[in-house]
Amino acid sequence: MKELVVISGKGGTGKTSIVASFAALATNKVMADCDVDAADLHLVLSPEIKLRADFSGGKQASVVADKCIGCGKCLAVCRFDAVTLGGPPNDVLQKTYCIDSINCEGCGVCEYYCPAGAIDFSDKINGEWFISATRHGPMVHAKLGVAAENSGKLVTLVKREAKQLAEKNAADLVLVDGSPGIGCPVIASIVGASMVLIITEPTMSGLHDLNRVADLAGHFRIPAAVCVNKCDISPEMTAEIDRHAVSRGLDVLGHIHYDSAVTRAQIAGQSVVEFGESNAADDIRALWNRTSKALTYNSKSSNQEE
Amino acid sequence: MSRSRVIAVASGKGGTGKTTVATNLAYVSGIGCRSQTCYIDCDVEEPNGHIFLKPQIERVTNITTPVPVVDEAKCAACGKCADVCQFSAIALLADSVLTFPNLCHGCGGCMRVCPTAAISETGREIGVIEEGMSRGVHFVHGRLRIGQPMSPPLIRKVKEKIPATGMTIIDAPPGTSCPAIQAVKEADFILLVTEPTPFGLNDLKLAVEMLRALALPFGVVVNRSGMGDEAVFDYCKAERISVLMQIPDDRQVAEAYAMGALAAEALPPYEARFRQLLKSIQSAVDVDAEL
């Protein structure tokens, strides 16, 4: 079973649009939307939720005002500027201490040191995750709560559930829609992947960010390949990216032309390859052919029989 | 404590045009305003502002985050450090304490609870901050070390560079979770940049939820207006959210962007358009600045 993770470094290069088309083209797979912060794949795949569960990324501290004795020990030990003397009065104090939920890092040091047992430190529900059915097969996805932390943990959970489901269904592929950047949600999404496909755009920002995310894949020793989306916006930059990819040993598996069909398909709630004929649909099909071959090749090269 | 006016440029969805808006705003503010303009790139994972503002870098600072170091000679293998740690960054295996610096949030709890004072802290490098000038604009950005999972500690350090006076424009990372929140909180005004597509609208709604939870004032910029549909405008109208600027779906803007050029400098109508945006924001925050 292979795992393909689609990432980008730079946001807005077209990961989700491409993954939605891959979902229509690939057979016998499970989808995983690991962009838990700003998930969009469901807008095209229209999932029917079969299972829903709460996600807790960690704990949060809060002061039980009635028990606060105003000693300020919590303020003294907090490194995250989460504690202020801004809580409501109680029987003994005009003001009690209180903890800002946005700043609270969930370290629990205040609770450990509170002499009055006035701090409640318990699991915070940060979001929810789902296993759903779509017209292209099962999908695991999630929604991180507003202003929530620990998206990396939620990504890890989504991937684990997708893998388990793929094993249960004897699927050949886990197809993962990643998120922009290089931080913990991206790291969590690429760990264990057979290959990452980096979607970039022909701009200086695209090239800069491609290098950083390719460095990240290299850091974790995961094979990576590249696709240049909206390639005709700048043929010079597309050529520059191709040259650069080759010089750092990355295969370029496709160029996708800028096409208004991509947005029209999105508005229609369809993937590009489902939305009739277009240049972009042809380019994406060619990309999928090369990507699926590259995925198979990677496994062959580690099972040498020749 | 006095502090400059801070405008943060954010979005739910990546690639909507935050850096385009933030760098062009900084540019017009820098050439127009009498007071100091500062541009701060808080997208420390993938900072791009430098491509457009092309600063002369004058100072580079290595940024570290505290992680525990255990003195084996003093360690009594009691396990209190592991018990208090919420992040599995320190563990007791047989009689040895192991640390996992990548997981450490720097709370200092293990060091505090150790009964034999066997734990001290050392700095682990998480990235760099670079500062310089770009034609009168003070430029600051952070760059996260590859493989370092958490960006908020570096973003916090970058924001310490916000000057005491003038106008500061923060270029935020995409999304609505902790990196974006760290970048936008305590700003005087947020500009949410979106695109008129279903993905754009979906993520704009998430960003609006985030800003309402933080109780921060905001307005919207619709980039590549005309490329999609009207749903984003209908939403803003229904929610009484001001659309402060529309950037049309203009191939010339895309081409200038591709080559690392500022639209306000390369394309005649855009300097006036970004000045107008700056004026609208300044009215919204009631700032004293001359254009």
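The values are calculated or read from the model by the stated rules, or taken from the named source; none is laboratory data. Keep in mind the model is a prediction, meaning the values are calculated, not measured. Because the Cβ atoms are built from the backbone with ideal geometry, glycine has one as well, and the counts that use them run over all protein chains shown. Calculation scope for accessible area: heavy atoms of the full protein, side chains included, ligands and nucleic acids excluded. Shrake-Rupley method; radii C 1.70, N 1.55, O 1.52, S 1.80 Å.
Using only Cα positions of chain A, each an equal point scatterer, no hydration layer, compute I(q)/I(0) via Debye at q = 0.14 Å⁻¹ and quote the log10 values to two decimals. Debye curve over Cα of chain A, log10 I(q)/I(0) at q = 0.14 Å⁻¹: -0.98. Quick note on chain B: its Rg to Rh ratio, both from C-alpha atoms and Rh being the Kirkwood radius, is 1.06.
What size of dipole, in debye to the nearest 20, comes out for segment B:212-251 about its Cα centre when the only charges are +1 on Lys and Arg C-beta atoms and -1 on Asp and Glu C-beta atoms? Before the final figure, lay out the partial values.
Values: 5 positive and 6 negative charges, 39 e Å.
The calculation lands at about 180 debye.
Only one residue of A:GLY57, A:LEU45, A:CYS71 has its Cα farthest out toward the positive end of the dipole of segment A:30-81, where Lys and Arg carry +1 and Asp and Glu -1 on Cβ, and that residue is A:CYS71. Taking chain A as a whole, the Cys residues whose C-beta sits 4.7 Å or farther from every other Cys C-beta are A:CYS34, A:CYS68, A:CYS71, A:CYS78, A:CYS98, A:CYS104, A:CYS114, A:CYS184, A:CYS227, A:CYS231. Note on chain A: dipole from Cβ charges, positive end direction compared against A:GLY137, A:ASN103, A:ILE119; the farthest Cα belongs to A:ILE119. For segment A:7-157, give the share of DSSP beta bridges that are antiparallel, in percent and rounded to the nearest 5; count only bridges with both residues there. Antiparallel bridges make up about 95 percent of those DSSP assigns within segment A:7-157.
Seen against the Cα atoms of chain A and their longest principal axis, helix A:235-247 is set at about 80 degrees. Per-residue ellipticity at 222 nm computed for chain A from its helices equals -11000 deg cm²/dmol, with DSSP H segments shorter than 4 residues left out and the rest contributing -39,500 (n - 2.57).
For A:CYS114, the solvent-accessible surface computed with a 1.4 Å probe is close to 30 Å², ligands and nucleic acids excluded. Surface calculation, 1.4 Å probe, protein heavy atoms: A:VAL246 sits at approximately 110 Å² accessible.
Shielding of peptide B:271-278 by partners, expressed as the average count of other chain Cβ atoms within 10 Å per residue Cβ, is 0.
Solvent exposure of chain B, expressed per residue, is 40 Å² of accessible area, with all protein chains present and a 1.4 angstrom probe. If a spin label sat at a point 7 angstrom from the Cα of B:LEU103 along the line to its beta carbon, the backbone N atoms of segment B:147-172 nearer than 16 Å would be those of B:149-150. Roughly speaking, what % of Cα-Cα pairs in segment B:159-291 are separated by over 17 Å, rounded to a whole number? Result for the distance tail: 64 percent.
Using r as the Cβ-Cβ distance of A:SER247 and B:GLU160, and R0 as 41 Å, what FRET efficiency do you calculate, to the nearest 0.05? The partial results should precede the final answer.
Values: r = 38 Å, r/R0 = 0.92.
Rounded to the nearest 0.05, the efficiency is 0.60.
Averaging the sequence gap over all C-alpha pairs within less than 8 Å and six or more residues apart, then dividing by the number of residues, gives chain B a relative contact order of 28 percent. Top mean-square fluctuation among A:LEU250, A:LEU93, A:LEU287, Gaussian network model of chain A, C-alpha springs under 10 Å? Most flexible of the set in this elastic network: A:LEU93. Rg and Dmax of segment B:123-213, based on Cα coordinates, read 14.8, 44 Å.
Ignoring solvent entirely, what values of log10 I(q)/I(0) come out of the Debye formula for segment B:35-121 at 0.12, 0.18, 0.25 Å⁻¹ when each Cα is a single scatterer? Values, matching the q order: -0.53, -0.75, -1.24. Measure nothing fancy, just the Cα-based angle from helix B:268-285's long axis to the longest principal axis of chain B, in degrees from 0 to 90, nearest 10. Orientation of helix B:268-285: about 60 degrees from the principal axis. Only Cα pairs within less than 10 Å get springs; with that Gaussian network setup on chain A, which residue of A:GLU149, A:GLU161, A:GLU240 has the largest fluctuation? Between A:GLU149, A:GLU161, A:GLU240, it is A:GLU240 that shows the largest mean-square fluctuation.
For the pairing of chain A with chain B, what total accessible surface becomes buried, with a 1.4 angstrom probe, in square angstrom to the nearest 100? List each step's numbers first, then the result.
Values: alone 15050 and 14130 Å², together 24190 Å².
Its buried surface, counting both partners, is about 5000 Å².
Working from Cα pairs under 8 Å separated by at least six residues, relative contact order for chain A is 26 percent. Report the longest stretch of chain B that contains none of the trypsin sites (Lys or Arg not before Pro) sitting in a DSSP loop with at most 11 other Cβ atoms within 10 Å. It works out to B:35-239.
Counted by Cβ distance under 14 Å from B:ALA91, the other residues give a net charge of -1, where Lys and Arg count +1 and Asp and Glu count -1.
With K and R counted +1 and D and E -1, the other residues having a Cβ less than 13 Å from that of B:ASP234 yield a net charge of 0.
Taking the Cα centre of the protein assembly as shown as origin, sum charge times position over the Cβ atoms of Lys and Arg (+1) and Asp and Glu (-1), and report the length of that vector in debye to the nearest 20.
Values: 57 positive and 68 negative charges, 137 e Å.
Here the protein assembly as shown has a charge dipole of around 660 debye.
Of all GluC sites (Glu not before Pro) in segment B:208-241, which ones are in loop regions per DSSP and have a Cβ with at most 13 other Cβ atoms within 10 Å? Walk me through the numbers on the way to the answer.
Numbers: sites: B:GLU209, B:GLU230, B:GLU239; in loops: B:GLU230, B:GLU239.
Here the sparse-neighbourhood loop sites are B:GLU230, B:GLU239.
Simple point charges give the picture: +1 on the Cβ of Lys and Arg, -1 on the Cβ of Asp and Glu, and for chain A a dipole about the Cα centre of about 500 debye.
Classify the protein assembly as shown as rounded, prolate or oblate, taking a ≥ b ≥ c as the square roots of the eigenvalues of its Cα gyration tensor: rounded when a/c is under 1.5, otherwise prolate if a/b is larger than b/c and oblate if not.
Numbers: a/c = 1.61, a/b = 1.16, b/c = 1.39.
Cα axes put the protein assembly as shown in the oblate bin.
The GluC sites (Glu not before Pro) of segment B:94-184 meeting both criteria, a DSSP state outside H, G, I, E and B (loop) and at most 10 other C-beta atoms within 10 angstrom of the site's C-beta, are B:GLU160.
Need one number: % antiparallel among DSSP beta bridges in the protein assembly as shown, to the nearest 5.
Details: 51 of 106 bridges.
Percent antiparallel among DSSP bridges in the protein assembly as shown is about 50.
Which peptide among B:166-172, A:217-223 comes first, and what is the full order, when sorted by highest mean count of other Cβ atoms within 10 Å? Walk me through the numbers before you get to the answer.
On the way: B:166-172: 26.1, A:217-223: 15.9.
Ranking, from highest mean packing down: B:166-172, A:217-223.
Rounded to two decimals, the Cα radius of gyration of segment A:1-117 over 2.2 N^0.38 Å is 1.70.
Each label was represented as a point 7 Å from its Cα along the Cα-to-Cβ direction; for A:VAL191 and B:GLU125 these points are 2.3 nm apart. The contact residues of segment B:159-193, meaning those that lose at least 20 Å² of 1.4 Å-probe accessible area when all protein chains sit together rather than their chain alone, are B:PRO174, B:THR176, B:SER177, B:CYS178, B:ILE181, B:LYS185. The Cβ shell under 12 Å around A:ASP251 holds other residues with a net charge of +2, Lys and Arg each +1, Asp and Glu each -1.
From the residues B:GLY142, B:ALA187, B:LEU204, which one has its Cα farthest along the dipole of segment B:115-210 in the positive direction, the dipole being from +1 and -1 charges on Cβ of Lys/Arg and Asp/Glu about the Cα centre? Of the options given, the answer is B:GLY142. For chain B, modelled as a GNM whose springs connect Cα atoms under 10 angstrom apart, the maximal fluctuation among B:HIS138, B:HIS50, B:HIS105 occurs at B:HIS105. Taking a point 7 angstrom from the Cα of A:ASP66 along the C-beta vector, which residues in segment A:94-119 have backbone N less than 15 Å away? Correct set: A:117-119.
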